[in-house]
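The values are calculated or read from the model by the stated rules, or taken from the named source; none is laboratory data. Just so you know, these numbers come straight off a predicted model, no measurement behind them. Cβ placement follows ideal geometry from the backbone for every residue including glycine, while neighbour counts extend to all protein chains displayed.
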Amino acid sequence: MADSNGDPGRAGRTAFRLLWPAALACLLLVLVLEETSLIRAFGLEPGDDDAMSAGMAVETLFWVFAAFTVVRWLDLLFWQGYVQKRTGVPVPKLLVDVTSVVVYLAALIVILSFVFDLPVTGLLTTSSIVIAVVGFALRNMISDVFTGVALGVERPFRIGDWIQLQDGKVGRVAMMNWRATRMVTRDEVTVVIPNSQLATEFFSNYSTPEPFFRDEITIVLDYAVTGWRVERLLLSAVLQVLESVELPREPKVRIDTFLAHGIRWELRYWVPDYLERERIRYQVQRNILRNLHFSGIRVPGERIELHTLPREQPQEDIDFLHAIELFAPLTDDELHAIEAKMERRLFRKGDPVVREGEEGSSLFIVKEGSLNVYVEGKDGVETQVNHLAPGSFFGEMSLLTGAPRGATVVPETDTVGFEITKEVLEDIIQARPELAEQLSETLAERQLRTRQAMAELDANTAEQRRRSMATEFLSGMMNFFRLKG
Ligand code: CMP
């Protein structure tokens with residue numbers, strides 16, 4: 001017989017333990033079948049007392065060895081060979097003993113009834129009553145043990161899987177035995193679930209067939225907000241989380257239902273592990289909030305009389321410009337001048353907005369959607385260096401210093417942004433040259449932050465770098481905007 005450990009000695013011993021009782025039972029069977037001729041061979045008559053006693057002894061022995069063989073085969077082939085190998089847990093002795101007792105009891109009844117011709121109805125009734133009483137007393141335990149076997153064989157979950165019970169409790173499976181399964185919840189509380197409960201109630205397993213699973217967030221938005229905008233808002237909220245987590249599949253946006261006060265949208269996204277669910281959910285929700293803020297979209301409240309309700313108030317682009325870090329030194333009038341001249345642009349997913357090395361003199365501000373920033377290394381390979389969410393800007397280097405584009409910026413989803421050209425800024429900087437200084441400080445700070453994150457510069461070196469970069473940017477801007485020093 002094959003042995004899982006590949007130990008030939010052990011396999012041989014198992015085969016021997018299986019075969020000898022079977023061989024003996026077969027031999028006894030032959031004796032039983034050939035009983036009459038054997039009795040005659042010994043010079044006896046089949047009706048003699050001695051012959052009958054010998055015949056009954058052989059038949060009894062046959063049934064005893066037949067039962068012994070069944071018990072041995074059940075133990076070695078079914079319990080140890082199949083159940084234990086499949087579950088990886090030793091089979092409880094109680095279970096093996098109960099099945100052995102049942103087999104021997106059946107053999108006893110057969111012997112009494114067929115060999116000794118005794119009436120067994122009374123015995124059957126008594127033993128059934130005993131079995132019923134014992135079974136009733138141990139019913140929960142027996143049910144737990146049997147369902148433990150069934151769960152072990154079926155394996156609807158493994159150690160380490162995240163499961164959710166019918167009552168909503170969620171935990172990671174920590175231990176399974178024949179009576180109960182233990183799981184540890186996210187609050188570090190151990191929950192012990194009797195196996196029979198797991199067999200009768202339904203539960204969900206978040207870890208199979210794949211370790212990742214889908215989660216959803218729903219949000220009600222006004223009918224005035226178009227599907228494209230919603231997709232930009234919601235998809236980019238998930239993609240912004242990608243910086244910290246590798247999400248296994250693409251997020252999707254669907255309409256859940258049409259309500260009186262708006263459309264309920266559903267954002268479906270994939271979570272790599274149940275443990276991350278809450279964290280990712282919170283991050284996505286925060287990003288949605290942030291995107292809504294930058295887009296000026298408000299979530300409609302429950303409305304009773306539609307005709308008296310205020311309409312969606314589009315956010316003024318001037319409010320949006322106020323939130324841009326680069327424009328912090330500008331006055332309201334200057335921001336109004338920019339707002340009047342900037343152009344709203346739709347960038348298609350995958351089409352680069354700016355390419356590294358190309359000439360360009362516009363700055364872009366992200367309003368809805370998200371983009372990735374790539375820089376080409378010395379080996380010619382493009383590496384993603386950043387991710388731009390609503391409220392971020394890019395292209396300021398070329399706009400302010402006239403240098404070629406320092407990176408390639410590609411929309412990850414359809415994205416809406418504003419383009420601010422050099423001409424728009426020129427008038428403002430010409431009228432207030434000290435702005436160049438403040439803008440170059442902001443530029444230097446931003447550049448430094450990226451470099452600091454990458455190279456982990458210490459505080460002193462960082463300050464020196466910041467000053468020298470600000471001076472560099474300022475001279476670039478003075479030159480580009482033809483300012484006098
Ligand atoms: P510019 O060089 O005009 O064009 C490419 C733009 O990508 C660049 O301006 C910056 O705005 C932006 N960019 C380059 N590197 C980074 C970075 N590490 N993080 C964020 N944005 C960047």
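Structural remarks
- Screening Glu441, Glu419 for residues that are more than 10 Å from the ligand (Cβ to nearest atom), in contact (Cβ under 8 Å) with a residue 12 or more places away in the chain and part of a helix (DSSP H, G or I) leaves exactly one candidate, Glu441.
- Selection from the range 397-450 of residues that are β-branched (Val, Ile, Thr) and in contact with a Phe, Trp or Tyr (Cβ under 6 Å, 6 or more places away or on another chain): Thr401, Thr408, Val409, Thr415, Ile429
- Breaking point among (1) out of contact with any helix residue (DSSP H, G or I) (no Cβ under 6 Å at 6 or more places or on another chain); (2) assigned to a loop (DSSP other than H, G, I, E, B); (3) not polar (S, T, N, Q), for Pro390: (1)
- Selection status of Ile297, surrounded by 13 or more Cβ atoms within 10 Å (Cβ to Cβ), within 36 Å of the chain's Cα centre (by Cα) and at pLDDT 90 or above: no
- Within the range 346-363, restricting attention to residues that are out of contact with any helix residue (DSSP H, G or I) (no Cβ under 9 Å at 6 or more places or on another chain) and of a type in the set (A, V, I, L, M, F, W, C), the residue that is farthest from the ligand (Cβ to nearest atom) is Phe347.
- Taking the numbered list (1) part of a helix (DSSP H, G or I); (2) in contact with a Gly (Cβ under 8 Å, 6 or more places away or on another chain) in turn, Gln197 passes all entries but (2).
- Residue tally, condition modelled with pLDDT of 85 or more, of a type in the set (A, V, I, L, M) and near the ligand (Cβ under 10 Å from one of its atoms), over the range 364-390: 4
- Residues of the range 247-272 classified as of a type in the set (A, V, I, L, M, F, W, C), exposed (fewer than 14 other Cβ atoms within 10 Å of the Cβ) and part of a strand (DSSP E or B), total: 3
- Which numbered condition Leu44 fails, given (1) part of a loop (DSSP other than H, G, I, E, B); (2) closer than 24 Å to Asn177 by Cα: (2)
- Odd one out for Asp319, checked against (1) modelled with pLDDT under 90; (2) more than 11 Å from the ligand (Cβ to nearest atom); (3) part of a loop (DSSP other than H, G, I, E, B): (3)
Yes or no, residue by residue, for (1) β-branched (Val, Ile, Thr); (2) crowded, with 19+ Cβ neighbours inside 10 Å; (3) within 16 Å of the ligand (Cβ to nearest atom):
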position: Phe393; (1), (2), (3): no, yes, yes
position: Gly402; (1), (2), (3): no, no, yes
position: Ala407; (1), (2), (3): no, yes, yes
position: Thr413; (1), (2), (3): yes, yes, no
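- For the criterion of being at pLDDT 90 or above, out of contact with any Lys or Arg (no Cβ under 8 Å at 6 or more places or on another chain) and surrounded by 15 or more Cβ atoms within 10 Å (Cβ to Cβ), Asn177 fails.
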